[in-house]
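Below: one structure, written as structure tokens.
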Amino acid sequence: CLGSQYAGWRLSHNEGPEKFFALGSGPARALARREPLFEKLDYADRATHATLVLESAKPPPPSIVAKVAHDCGLEPDKLTFIYAPTQSLTGSVQVVARVLEVALHKASELGFPLERIVDGIGAAPLCPPHP
């Protein structure tokens with residue numbers, strides 16, 4: 001779950017009219033392994049296609065698509081991006097659904113050995129979307 005669903009991939013582009021920032025979650029993270037967390041997890045995936053979910057109201061600019069493709073070792077046409085602003089119903093559900101992943105990440109950051117966690121469950125309120 002930390003290898004895929006945790007929104008830990010920070011993607012940004014700050015040049016010109018394409019300014020963009022989003023946190024990414026999903027299986028593409030395990031292909032790219034750009035976060036130090038993957039060294040702790042000792043986990044990697046191999047795949048011919050990848051999906052990345054972005055907390056964003058707009059699609060990623062070509063520079064971000066190219067970066068993700070490069071980091072995943074795939075051609076851009078083998079990637080699927082799903083994007084939704086956190087203020088939307090879809091974005092809200094996505095964030096709330098990761099309550100367990102956030103707890104596991106915190107345990108890892110505090111030095112707790114993740115291999116000692118054998119089961120988990122999380123619950124969190126789902127707020128109505130922002131207008």
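The values are calculated or read from the model by the stated rules, or taken from the named source; none is laboratory data. Please read all numbers here as calculations on a predicted model, not as lab measurements. Heads up, the Cβs are rebuilt from the backbone with ideal geometry, glycines too, and the neighbour counts pull from every protein chain shown.
For segment 56-98, how many residues are touching a Pro at 6+ places or on another chain (Cβ under 7 Å) and within 17 Å of TRP9 (Cα to Cα)?
Here is the first cut: in segment 56-98, the ones touching a Pro at 6+ places or on another chain (Cβ under 7 Å) are 56-57, 65-66, 69, 81, 83, 87-89, 91-92.
From what's left, within 17 Å of TRP9 (Cα to Cα): 56-57, 65-66, 69, 81, 83, 91.
Of the residues in segment 56-98, 8 are touching a Pro at 6+ places or on another chain (Cβ under 7 Å) and within 17 Å of TRP9 (Cα to Cα).
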Subject >> Pair list, Cβ < 9 Å and 6+ apart or interchain, from segment 115-129 residues that are under 17 Å from THR90 (Cα atoms) to residues that are at pLDDT below 90 and among the polar types (S, T, N, Q) >> reply: LEU126/SER92; CYS127/SER92; PRO128/SER92; PRO129/GLN87; PRO129/SER88; PRO129/THR90; PRO129/SER92
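Just to be sure before I move on: is LEU79 in contact (Cβ under 8 Å) with a residue 60 or more places away in the chain and more than 22 Å from PRO128 (Cβ to Cβ) in the structure I sent? Can you show your working first?
Working: in contact (Cβ under 8 Å) with a residue 60 or more places away in the chain: no; more than 22 Å from PRO128 (Cβ to Cβ): yes.
So LEU79 does not fit the description; no.
Condition check ((1) surrounded by 13 or more Cβ atoms within 10 Å (Cβ to Cβ); (2) farther than 26 Å from ALA124 by Cβ; (3) within 14 Å of the chain's Cα centre (by Cα); (4) among the acidic types (Asp, Glu)) across all residues:
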| residue | (1), (2), (3), (4) |
| --- | --- |
| LEU31 | yes, yes, yes, no |
| TYR43 | yes, no, no, no |
| ALA57 | yes, no, no, no |
| ALA69 | yes, yes, no, no |
| LEU74 | yes, yes, no, no |
| PRO85 | yes, no, yes, no |
| ALA97 | yes, no, yes, no |
| ALA107 | yes, no, no, no |
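Any residue at all in segment 13-27 that's surrounded by fewer than 16 Cβ atoms within 10 Å (Cβ to Cβ), modelled with pLDDT of 85 or more, aliphatic (A, V, I, L, M) and over 23 Å from GLY122 (Cα atoms)? Steps first, answer last, please.
Quick first cut of segment 13-27, residues surrounded by fewer than 16 Cβ atoms within 10 Å (Cβ to Cβ) only: 14-19, 21.
From the residues that got through so far, the ones that are modelled with pLDDT of 85 or more too are 14, 19, 21.
Still in the running and aliphatic (A, V, I, L, M): none.
No: zero hits.
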